[in-house]
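These notes concern the structure reproduced below.
The values are calculated or read from the model by the stated rules, or taken from the named source; none is laboratory data. From a predicted model like this one, the values you see are computed outputs, not experimental measurements. Neighbour counts are summed over all protein chains in view; Cβ atoms, including those assigned to glycine, are modelled from backbone coordinates with ideal geometry. Remember, those area values only see protein heavy atoms, side chains included, never the ligands or the DNA or RNA. Shrake-Rupley method; radii C 1.70, N 1.55, O 1.52, S 1.80 Å.
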Amino acid sequence: MPEIFDYFVPWLKGQKMYFSPHIDLAWRRPELHRLMSNENPNPPSDKVIEAILKYGKMANRYADQGFAVRGKLAEMNGLPGIENVLLGNGSSEVYDMILRSFLQPGDEVIQHTPCFGIYKLRTLVAGGKMVSVPMKYKWGDEHLQYDPDGILKAITPKTKVIIVANPNNPTGNFMDAAHFERIAQTGIPFIVDEAYVEFAGVKEKSQVGLVSKYKNVLVTRTMSKAYGLAGLRFGYALGDRDVIMQIAATLIPWNQSTIAMWAGLAALEDTAGLKMRVDFNNSELDRIMTEVNKIPNVKAFPTRGNYMLFDSKAPGKTGDGMIKHAESKGMILRGQEPMYGSDGWFRLTIGSKEENDMFIAAVKEYFLK
Ligand SMILES: Cc1ncc(COP(=O)(O)O)c(C=O)c1O
């Protein structure tokens with residue numbers, strides 16, 4: 001008799017539930033400083049809390065399809081209407097819907113590494129194969145460089161989706177606008193992840209204009225970062241009406257809670273709240289970068305996310321060693337696999353002013369002692 005495991009789809013075998021040990025640790029030990037998950041250090045504004053309370057009292061009711069907040073997002077992004085907007089329980093869920101919509105087992109997805117890990121996990125669960133194109137880098141470069149030619153070269157007849165984050169996590173930089181257009185022209189579903197775009201400015205940096213020009217371009221965003229609502233779970237995709245509505249066939253009914261929808265709308269309307277968070281983040285980024293770049297053999301990469309990547313070639317020091325040193329001071333940082341022949345990588349999420357001071361002190365202690 002076959003056993004239950006013989007009935008699972010073969011591509012699920014070996015795949016595991018995703019969880020973040022560092023986030024679990026941070027909840028278990030609230031005294032630790034959470035400088036690791038690209039969260040916003042500032043809690044939601046009063047206007048958002050009011051919406052949470054108001055709709056918390058109506059939590060016995062099902063949500064509608066999100067008319068109000070989808071309308072607001074369409075209007076903010078110069079799109080015709082709610083059918084250009086797909087809501088997700090975080091943008092991670094939006095990726096799941098997109099990948100399930102386009103992939104059959106064996107199909108390929110192209111991502112640009114290093115990058116956000118969920119693209120790969122959701123690709124594998126859909127039976128797809130992840131093709132990773134590395135960014136270009138050598139010690140001394142200002143940035144890790146996007147490689148649009150490398151992405152175009154990686155296309156095969158099996159390529160069904162191309163994903164590029166702008167700015168990229170964890171490198172913090174942006175790809176030139178002209179390269180988005182080149183990739184869009186392939187006709188392959190092209191997803192631009194703008195999870196952090198508000199920190200640099202939607203007007204200045206968003207590629208949402210391509211959505212009206214190319215049906216195959218989708219832009220994803222989240223309210224987990226600049227809006228500071230990671231725990232609420234609010235992500236969305238913007239795209240051509242017919243494309244969005246086809247992907248919406250995969251949407252689990254009532255995926256986004258009533259509370260998230262209305263709190264999200266309140267956050268979108270609270271433009272002063274967003275500006276405060278963005279200004280705080282960007283001035284802290286500049287301060288940390290200036291301080292860390294004073295340390296010989298340590299490089300902080302310019303970023304307009306709420307995180308910063310570092311490389312080091314200090315003799316006898318490693319990124320892992322830095323993370324352990326920070327841990328001994330009560331801070332949780334994020335690691336980065338050795339890459340480009342260096343084991344000096346480590347990552348920071350911007351914290352409160354005090355936490356950032358602690359981080360700067362810890363980096364100086366570790367690399368200068
Ligand atoms: C590039 C990028 N995209 C998407 C997300 C997912 O955000 P969420 O699922 O919270 O909307 C993250 C989270 O860290 C990210 O770094």
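Descriptive notes on the structure:
- Ligands, DNA and RNA are left out, and with a 1.4 angstrom probe the accessible area of the chain is 46 Å² per residue.
- For the pair segment 1-62 and segment 105-131, the centres of their Cα atoms are 21 angstrom apart.
- Magnitude of the charge dipole, segment 58-270, Cβ model with Lys/Arg +1 and Asp/Glu -1, debye to 20: 420 debye
- A simple rule links phi to the HN-Hα coupling: the Karplus curve 6.51 cos²θ - 1.76 cosθ + 1.60 with θ = phi - 60°, which for segment 248-253 gives 5, 5, 8, 5, 6, x Hz, with x for Gly and Pro.
- Fluctuation leader among Asn282, Asn38, Asn169 - the chain, Gaussian network, Cα springs under 10 angstrom: Asn282
- Relative contact order (percent, whole number), the chain, Cα cutoff 8 Å, 6+ residue spacing: 22 percent
- Remark: segment 3-8, residue by residue, has Karplus-estimated 3J(HN,Hα) of 9, 4, 5, 6, 8, 5 Hz, where x stands for each Gly or Pro and the curve is 6.51 cos²θ - 1.76 cosθ + 1.60 at θ = phi - 60°.
- Across segment 86-158, the relative contact order, built from alpha-carbon pairs under 8 Å that are at least six residues apart, equals 29 percent.
- Apportionment of accessible area to carbon and sulfur, segment 58-270, percent (1.4 Å): 54 percent
- Adding -39500 (n - 2.57) for every DSSP H run of four residues or longer, then dividing by how many residues the chain holds, sets the calculated 222 nm ellipticity at -11000 deg cm²/dmol.
- Taken one residue at a time, the phi angles of segment 136-153 give Karplus couplings (6.51, -1.76, 1.60, θ = phi - 60°) of 9, 6, 9, 3, x, 5, 5, 9, 7, 8, 4, 10, x, 5, x, 5, 5, 5 Hz. Gly and Pro are set to x.
- From most to least packed by mean Cβ count within 10 Å, the peptides 135-147, 8-20 give 135-147, 8-20.
- Only lysines eight or more places from Lys299 in sequence, or on another chain, were considered; those with a Cα closer than 23 Å are Lys136, Lys138, Lys313, Lys317, Lys324, Lys329, Lys353, Lys364, Lys369.
- Estimated distance in nm for a label pair at Ile155 and Ala178, the labels positioned 7 Å out from Cα along Cα-to-Cβ: 1.8 nm
- Using C-alpha pairs under 8 Å with a sequence gap of at least 6, the mean separation divided by the residue count of segment 22-142 gives a relative contact order of 15 percent.
- Segment 70-198 shape via C-alpha gyration tensor axes, a/c threshold 1.5: oblate
- Rg/Rh for the chain (Cα atoms only, Rh after Kirkwood) is 0.97.
- Size of electric dipole in the chain: Cβ of Lys, Arg +1 and of Asp, Glu -1, about Cα centre, debye, nearest 20: 240 debye
- Hits among aspartates and glutamates - C-alpha to C-alpha of Lys215 under 15 Å, sequence gap 8 or more where chains match: Glu83, Glu181, Asp240, Asp242
- Counting 0.36 nm for each residue step from Glu75 to Ser328 and taking away their Cα separation leaves a gain of 86.3 nm.
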